[in-house]
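Below is one structure, written out as structure tokens; the observations come after it.
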Amino acid sequence: MSAPLRFGYVDTAHGQMHYRAAGLGEPLTRSVLLLHWTPGSGAQYDAFLHELARRGFRAFAPDLAGYGASPGGARDWLIADFAKNVLEIAQVLTPVPFALLGGHVAAEVAAQAALLAPERISHLILDGSPTWDREFRHKLLADIRPTAPKPVEDGSHLVQWWQHILWEMKMWQPDFKLNDIGSAQAMRVLLNDLQSRFDFSGLRALAEFEMADCLRQVSVPTLALTADTDPLRDQHEKVLSLLPAAQSHVFAGAHPIHDPRRAAEYAGVLVDFIETAGHRS
């Protein structure tokens, strides 16, 4: 049976940032930081933290500012602000160079962190990277994160928002089903939205970030991930063209990040890359 997850907070300039971890007894030199998709929290990686720890890694999943149990107030942040905050967190959790993974919006945060402090990041893993132009990004933001619902006495605004969440889940996961796994995912999104008072700062930051320009400057050994049914699958080849030295992996079918039963498959790809890819000189 796997050891229980550990939870804690890190003091940063933005306040106390929450994280979950596994494998804290493993060497510092085998550290991985996982940045969750938005909306969401580090809870997305619970099963994957256990699996990485089982393979001898110290694995951490912080809640980005405004998500999970980390403080909000980041409504005007840019991707660079999230990246600086992540580097603050990492300085406490793993003072030596570490592998950094980010999914979707958090892939932008991870890539920006690799530009800001390449000496701190041994390996970069980008799990779905949006490289859309500015016009498309702003349209997407308006479509998927509408104005926060205004509370009404009969609570119908919550039903309306729940329907929106289900629509959004099906957009990002074409094979989404409201089974035990799907229900847990959707509930995490709903709870995060309520807890953050509908703070969509991560998505607003995405609308202003030029991922393509960032990727052209990345010098850290990089793995680009996607899955057959990931809505960002059509971005994968462009990402590889911007990162000609990057390794690539495409998961068959649905993305394993949405299914804890596939944690070993996902962790295996990460570990193989970290253990075989060269370090930045």
**Message:** Please compute the length gained on full extension between HIS138 and LEU166, using 0.36 nm multiplied by the number of residues separating them and subtracting their Cα-Cα distance.
**Reply:** 7.9 nm
**Item:** Residue-wise HN-Hα coupling along the stretch 207-222, computed from phi with Karplus coefficients 6.51, -1.76, 1.60 (Hz; x: Gly, Pro)
**Value:** 4, 9, 9, 9, 4, 4, 4, 5, 4, 4, 9, 5, 10, 7, x, 10
**Asked** Based on the alpha-carbon gyration tensor of the chain, what equivalent-ellipsoid semi-axes (square roots of 5 times the eigenvalues) come out, in whole Å, largest first?
**Response** 27, 21, 19
**Request:** Amide H neighbours of ILE121 under 5 Å, at least 5 residues apart or on other chains, H built in the peptide plane: list them.
**Result:** PHE98
**Request:** Just order 16-26, 45-55, 156-166 by mean Cβ neighbour count inside 10 Å, highest at the front, would you?
**Result:** 45-55, 16-26, 156-166
**Complete:** Non-local residues with an amide H under 5 Å from the amide H of ARG30, with H modelled 1.01 Å from N and Pro and chain starts lacking one, are ARG58
**Message:** Please give me the summed charge of the neighbours of TRP37: other residues whose Cβ is under 13 Å from its Cβ, Lys and Arg +1, Asp and Glu -1.
**Reply:** -4
**For the stretch 87-101, Karplus couplings with θ = phi - 60° (6.51, -1.76, 1.60), whole Hz, Gly/Pro x** = 5, 4, 4, 5, 4, 7, 6, 8, x, 9, x, 9, 7, 10, 10
**Request:** Could you work out the local net charge near PRO4, counting Lys and Arg as +1, Asp and Glu as -1, over the other residues with Cβ closer than 11 Å to its Cβ?
**Result:** +1
**Asked** What residue among GLY155, GLY15, GLY253 shows peak mean-square fluctuation when the chain is described by a Gaussian network model with Cα springs under 10 Å?
**Response** GLY155
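A short reminder: the numbers here are calculations on the coordinates, not readings from a lab. The model shown is predicted, which means the values in this text are computed figures rather than measured ones. All Cβ positions, glycine included, derive from the backbone under ideal geometry; neighbour counts span all protein chains shown.
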